[in-house]
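Have a look at the structure below before the remarks.
The values are calculated or read from the model by the stated rules, or taken from the named source; none is laboratory data. Source: prediction; values computed, not measured. Note that each Cβ is placed from the backbone with ideal geometry, even for glycine, and that neighbours are counted across all protein chains shown. Heavy atoms of the whole protein, side chains included, go into the accessibility calculation; ligands, DNA and RNA do not. Shrake-Rupley method; radii C 1.70, N 1.55, O 1.52, S 1.80 Å.
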Amino acid sequence: MGEQAYVLADAGKPDLALALVREAQQVESHRLPRRLAAWLAAAEAELSALAGRADDCRRVLERAAAALPPGDEVTDREMPSIFLNHSHLARWRGNVLALLGEADAVSELYAALTSMDPTFVRAQAGLRCDLAHAHLARGEFGDAQDHLGQARLLASRTGSVRHRRRIERLTQSL
């Protein structure tokens, strides 16, 4: 359901996406693995930003951080497809702040960039898009263009259609 919510958001239906990810959190909420609960909360924060509900974002990000198991592990046996730890969540937080156009998004994103695992190429492409978005919001067009160039190279390596679309939307904003 959480992944389907992103399909709806990409289709231009952020309110419906937000409703779906919230519903996903209610389905057997007492039995959700902690990492999945954190992932769904972080997704809710991002989708709240896309739906223009800025007030909900920080509260939901705090809930995601509280739900996340301690330690540096990125997966659990019960949910091996969810890759999330505190470093990944910091990247997600920066993404949400960039979507909101908040000035502190840049520092959050650079901190996430220095701590991220370089083997997560797709995540790095997204982070570069987030940095471009944050720099655009601050009117720093040269920095935004630099990150878009790096994001374009990384997205080509992974074949991510979603990142390529995002790069094109951000490029049009330059």
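Run the dipole for the chain about the Cα centre, Lys and Arg Cβ at +1, Asp and Glu Cβ at -1, nothing else charged, and hand back the magnitude in debye, nearest 20.
Roughly 380 debye, rounded to the nearest 20.
Give me the percent of accessible area attributable to carbon and sulfur for the chain, probe 1.4 angstrom.
Heavy-atom surface of the chain belonging to carbon and sulfur, 1.4 Å probe: 51 percent.
Which residue fluctuates most in the GNM of the chain (Cα springs below 10 Å): 150, 26, 124?
26
Two decimals is fine: what's Rg over Rh for the stretch 26-173, C-alpha atoms, Kirkwood radius as Rh?
Expressed as Rg/Rh, it is 0.97.
In the chain, with Lys and Arg counted as +1 and Asp and Glu as -1 at Cβ, which of these residues, 118, 153, 68, has the Cα nearest the positive end of the dipole, that is, farthest along it?
153
At 1.4 Å probe radius, can you tell me the per residue accessible area of the stretch 65-174 in Å²?
Each residue of the stretch 65-174 exposes 52 Å² on average to a 1.4 Å probe.
Cα-Cα pairs above 15 Å in the stretch 39-99: how many percent?
Tail fraction, whole percent: 45.
When the Debye formula is applied to the Cα atoms of the stretch 79-158, each taken as the same point scatterer, what base-10 log of I(q)/I(0) results at q = 0.27 Å⁻¹?
Treating every Cα as an identical point scatterer, log10 I(q)/I(0) equals -1.30.
Using only Cα atoms, locate the centre of the stretch 93-160 and the centre of the stretch 26-57, then give the distance between them in Å, rounded to an integer.
Rounded to whole Å, the Cα centres lie 21 Å apart.
Among 63, 31, 91, which one shows the biggest mean-square fluctuation in a GNM of the chain, springs joining Cα atoms closer than 10 Å?
31
With a length cut of 27 Å (Cα positions projected on each helix's long axis) and a Kyte-Doolittle mean of at least 0.5, go through the chain and give me the DSSP H helices that pass.
Going by DSSP H runs, there are no hits.
Please identify, among 28, 102, 62, the residue showing maximal mean-square fluctuation in a Gaussian network model of the chain using a 10 angstrom Cα cutoff.
Among 28, 102, 62, the largest mean-square fluctuation in the Gaussian network model of the chain belongs to 28.
Take 104, 55 and sort them by solvent-accessible surface of the protein heavy atoms, 1.4 Å probe, largest at the top.
The most accessible residue leads, giving 55, 104.
Which length gain, in nm to one decimal place, applies between residue 31 and residue 3 when the Cα-Cα distance is subtracted from 0.36 nm times their residue separation?
The span from residue 31 to residue 3 would gain 8.2 nm if fully extended.
Given 5 Å bins starting at zero, what is the percent of C-alpha pairs of the stretch 1-112 in each, up to the one with the largest pair distance?
Computed distribution, short to long bins: 2, 13, 22, 25, 21, 12, 4, 0.
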